[in-house]
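The values are calculated or read from the model by the stated rules, or taken from the named source; none is laboratory data. Everything numeric in this text was worked out from a predicted model, so none of it was measured. Every residue, glycine as well, gets a Cβ built from its backbone with ideal geometry; the counts of neighbours run over all protein chains shown. Surface areas here come from the heavy atoms of the whole protein model, side chains and all, with no ligands, DNA or RNA. Shrake-Rupley method; radii C 1.70, N 1.55, O 1.52, S 1.80 Å.
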Amino acid sequence: MDDVSLITSIAIALGLAAMGGFLARLARLSPVVGYLAAGLLISPATPGYTADPAAMQQLANLGVIFLMFGVGLHFNLRDLLAVRAIAIPGAIIQVCAATAFGTGIGLAFHLPWREALVLGLAISIASTIILIRTLEDRGLMGTIHARVVIGWLIAQDIITVVVLAMIPSLAHEGNGLEWKPVAFAALRAAVFVVIMLGFGARLLPRLLSLVARTGSRELFVLAFVAAALGIATSAAAFGLSIALGAFIAGVAVSETETSHQVAADVVPLRDAFAVLFFVSVGLLLDPDVVRANKGLFLAILLSVLFVNAAIAFVTAAVFPFPGRTALVVGAGLGQLGEFTFIVGSEGVREGLMTEETYAIILAVAAISIVVNPFAFRTIDAIESVLRRLGPIWRFVDRQGEIPEPEIPRSDHVVIVGYGRVGELTGHALSQLGIPFAVVEIDLDRARALNAAGIPTIWGDAGTREVLERTGIEHAHAVVITVPEESSAFVATAAARALNPAVPILVRARAGGEIRPLRELGANEVIVPEYEGGLEMMRQALVYLGFDPQEALHLSNAVRDIHYQAEAFDHPI
């Protein structure tokens with residue numbers, strides 16, 4: 001009879017992972033929590049079926065390759081450079097401080113110094129996947145806070161690549177840190193990067209373009225998968241990790257003209273094998289090990305949830321950015337994720353870390369993923385407390401020289417937020433000769449707008465002082481375009497309090513926000529998702545031969561039905 005143990009392990013692992021991920025999303029947690037739980041259910045630590053750890057580990061290596069390949073493929077140097085003034089030095093300072101603290105914890109619990117160092121490195125790195133999902137759920141994507149923290153994590157990704165290159169050299173025998181092996185490892189990594197990026201810049205574009213011309217999607221997928229696996233495994237020949245090789249492979253492919261199609265095709269592979277990676281991590285979770293090492297477990301957990309967050313907050317607060325940006329950075333970095341698992345597993349593979357310590361890190365990571373969304377919910381309360389501590393908040397919330405523009409005195413429009421939506425409104429008002437003033441929380445953008453002749457107040461529109469400087473008491477209308485849910489709510493309430501009669505138009509992320517925004521004083525609430533769908537419907541009717549005016553009338557009728565249904569809490 002054929003041996004189907006591997007197939008059985010994969011089938012059970014994926015089935016439990018799907019169920020666990022679904023339940024986690026119902027609980028508004030990251031699916032990663034469900035995947036880790038699935039691994040725990042089929043681990044030796046729990047009764048019932050036990051998957052083959054060796055086979056699952058080999059599949060997990062594919063997960064590491066595709067995860068890191070995806071990171072390299074989507075690596076965007078422009079995003080990092082846009083906030084380089086805070087992201088690069090901030091990430092370096094934060095990783096070094098968090099690593100030092102984590103290493104100190106390891107030494108305090110009598111771990112060997114190499115194991116303590118790998119522990120510190122592993123718990124200094126936050127998860128990009130978890131953070132981006134949380135930012136999306138909180139409506140923060142597109143804000144200056146999100147740009148800074150994502151740039152920060154991109155810098156962390158680069159630091160992780162360097163760490164992965166150095167880990168094999170730490171296994172060198174000796175009582176102290178041998179700098180020659182470290183330097184040699186850095187040289188090997190540099191040579192590998194130069195060769196592989198040179199290969200990517202010259203041979204890969206031609207290879208993928210040649211395969212793409214055949215019109216065969218399966219050959220195209222096969223070609224880039226073979227390239228990714230080939231470059232990843234070739235890293236071993238240089239004494240480097242497959243994770244580093246996969247990252248470089250992704251960066252190499254990202255420079256080709258076919259990178260967008262590769263990115264689309266790699267997602268299913270990345271997601272499937274990444275799930276198996278997280279399940280394999282869950283296999284290593286061992287409650288007995290955690291119970292036997294409660295002191296170390298609690299010390300690491302408190303370090304990740306509070307010390308890491310505090311280090312990130314203080315580091316970000318040193319730079320002249322909004323105080324809320326520092327709070328978002330602090331909340332976002334109080335968790336661990338995929339890179340922690342990769343760094344820890346590399347440490348175990350090189351004999352630098354025991355499986356017991358790794359199991360404790362995994363348990364801490366799982367809890368941090370569960371708790372992190374709640375950290376974001378505390379931002380408003382923490383900001384409120386800091387605002388009452390005047391001097392401290394003034395230091396945290398400073399942004400260097402603040403522009404002082406000439407603001408229209410009366411009968412003008414106040415635009416809160418000057419992203420794509422606000423800019424369209426401002427352009428229309430300019431064409432019609434209607435005066436307006438802008439409130440923008442991004443200092444660089446505020447300075448650029450003032451330099452372009454657009455009167456802009458820097459600051460948070462949720463504060464009375466900022467709105468008063470716009471002359472809102474004598475404004476003709478207020479247009480609130482910020483994408484962040486909490487900012488829109490606070491700005492609406494503040495604007496209505498300062499001018500009970502002014503018309504307020506607010507952008508909402510979803511229909512469920514219509515009713516609460518109207519209760520706060522909004523006259524009109526616009527949901528971009530609805531408006532896009534209505535315009536698609538209207539255009540489709542026109543192309544089908546309907547009279548444009550009739551199509552517009554029908555579109556307006558559907559709009560009224562949807563908005564009224566949401567306003568009265570009866571969504572269609």
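Within the range 319-344, restricting attention to residues that are open to solvent by 10 Å² or more (accessible area, probe 1.4 Å) and part of a loop (DSSP other than H, G, I, E, B), the residue that is farthest from LEU36 (Cα to Cα) is PRO320.
Pairing residues of the range 448-473 that are within 11 Å of ALA494 (Cα to Cα) with residues that are of a type in the set (Asp, Glu), at Cβ distances under 8 Å and at least 6 apart in sequence or on separate chains, gives VAL466/ASP460. Counting the residues of the range 329-366 that are more than 23 Å from the chain's Cα centre (by Cα) and polar (S, T, N, Q) gives 2.
As a summary of the residue check, ALA446 satisfies the conditions (1) touching a helix residue (DSSP H, G or I) at 6+ places or on another chain (Cβ under 9 Å); (2) surrounded by 15 or more Cβ atoms within 10 Å (Cβ to Cβ) except for the one numbered (1).
Quick check on the range 546-564. Is at least one of its residues open to solvent by 40 Å² or more (accessible area, probe 1.4 Å), of a type in the set (Ser, Thr, Tyr) and modelled with pLDDT of 85 or more? The answer is no; no qualifying residue exists.
Residues of the range 35-54 that are open to solvent by 10 Å² or more (accessible area, probe 1.4 Å), of a type in the set (A, V, I, L, M, F, W, C) and modelled with pLDDT of 75 or more: ALA37, LEU40, LEU41, ALA45. Among the residues of the range 345-354, is there at least one that is part of a helix (DSSP H, G or I), surrounded by fewer than 23 Cβ atoms within 10 Å (Cβ to Cβ) and out of contact with any Cys (no Cβ under 9 Å at 6 or more places or on another chain)? Yes: one or more hits. Scanning the range 471-499 for residues that are assigned to a helix (DSSP H, G or I) and β-branched (Val, Ile, Thr) returns ILE472, VAL490, THR492.
Listed by first and then second residue, the pairs linking a residue in the range 512-527 that is at pLDDT below 90 to a residue that is acidic (Asp, Glu), with Cβ atoms under 6 Å apart and 6 or more places separating them unless they lie on different chains, are ILE514/GLU566; ARG515/ASP569. Among the residues examined, VAL490 does not qualify as in contact (Cβ under 8 Å) with a residue 60 or more places away in the chain and open to solvent by 20 Å² or more (accessible area, probe 1.4 Å). For ALA557, the stated conditions do not hold, so it cannot be described as without any contact (Cβ under 8 Å) to a residue 24 or more places away in the chain, over 25 Å from HIS427 (Cβ atoms) and assigned to a loop (DSSP other than H, G, I, E, B). Comparison of ARG420, ARG409 shows that the only residue that is open to solvent by 30 Å² or more (accessible area, probe 1.4 Å) and closer than 17 Å to VAL506 by Cβ is ARG420.
Quick one: in the range 3-14, of everything that is assigned to a helix (DSSP H, G or I) and not hydroxyl-bearing (Ser, Thr, Tyr), which residue is least open to solvent (accessible area, probe 1.4 Å)? Per the stated criteria, the residue is ALA13.
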